[in-house]
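The values are calculated or read from the model by the stated rules, or taken from the named source; none is laboratory data. Because the structure is predicted, anything quoted here is derived from the model rather than measured. Note: accessible area is taken over every heavy atom of the protein model, side chains too, but ligands, DNA and RNA are not part of it. Shrake-Rupley method; radii C 1.70, N 1.55, O 1.52, S 1.80 Å.
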Amino acid sequence: MTKQEAAEYCGCKTLAAFDRWVQKGLIPRAMRGTNRWDLKALDAALDRASGLVTESEPELTPYQRWKAENARKTEAA
């Protein structure tokens, strides 16, 4: 996504605020060699900043998420 789109997605009212978040390391820089931001990288950074995910918790792969969700469904049945 563009810088403007990324800033809006993150809830920054100005590009200057978005730049400060990048400088502070709250969110990642643009993808190398581009002026575009990755949505999943922004989501992960925002999740860490909000405390939803900690650095010590590894992100699950799609298969691991599916397996965990199906295990819960099996337990509930």
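Can you tell me which residue in region 16-40 is nearest to P62 (Cα to Cα), limited to those that are of a type outside the set (D, E, K, R) and open to solvent by 70 Å² or more (accessible area, probe 1.4 Å)? Applying the filter and picking the extreme gives L39.
Residues that are hydrophobic (A, V, I, L, M, F, W, C) and in a loop (DSSP other than H, G, I, E, B) do occur in region 1-11, at least one of them.
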